[in-house]
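Note sheet for the following structure.
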Amino acid sequence: MKRSGILHAELSGALARLGHTDELVVADCGLPIPPGPAVVDLAFTFGVPSFLEVLDGLLAELVVERALVASEVDDANPLCAAAILQRLPDVQRVPHAEFKRRTAAARLVVRTGEATPFANVLLRCGVPF
């Protein structure tokens, strides 16, 4: 058994297979997920697990070189926008339609139980050296 970190076997394995420049999306429970990326669905009930709980767990295990959010998060969900900015200060913003288009090209989508608008982020993997 693992000593720490992400215990969800499917998610842990999917993260281990990611490489430099691969992209993953941490999604609220309402983001439409197009065919293409692998999906690990963690949603249990509305709000469980939360977007920030999952994001924090992922950031503890991944090297992230770039992050992207929908620009609409600033007005529609300012608390989430501030929390993302605190964790990822150089986050880029694009219109939600563009964010959804970019989701289709991600290698992995991690769906949370988050039920607030635009609580989504696309992370591009970096390297630790």
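Throughout, read-outs are computed from the coordinates displayed, never taken from laboratory work. Please read all numbers here as calculations on a predicted model, not as lab measurements. Neighbour counts are summed over all protein chains in view; Cβ atoms, including those assigned to glycine, are modelled from backbone coordinates with ideal geometry.
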Loop chymotrypsin sites (Phe, Trp or Tyr not before Pro), the stretch 1-93 (other Cβ atoms within 10 Å of the site Cβ: 14 or fewer; DSSP): F44, F46
FRET efficiency, A97 to M1 (Cβ-Cβ, R0 30 Å, nearest 0.05): 0.10
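According to the Kirkwood expression over distinct Cα-Cα pairs, how big is the hydrodynamic radius of the stretch 49-104, in Å? Working shown, then result.
Numbers: mean 1/r = 0.0837 Å⁻¹.
Hydrodynamic radius (Kirkwood, Cα only) of the stretch 49-104 equals 12.0 Å.
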Unit Cα scatterers, Debye sum, the stretch 9-125: log10 I(q)/I(0) for q = 0.16, 0.18 Å⁻¹: -0.65, -0.85
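Excluding the sites themselves, what is the longest stretch of the chain that contains no trypsin sites (Lys or Arg not before Pro) in a DSSP loop with at most 13 other C-beta atoms within 10 Å? All intermediate terms of the calculation are to be shown ahead of the outcome.
Values: sites that count: K2, R3, R17.
Counting only loop sites that pass the neighbour cut-off, the longest clear stretch is 18-129.
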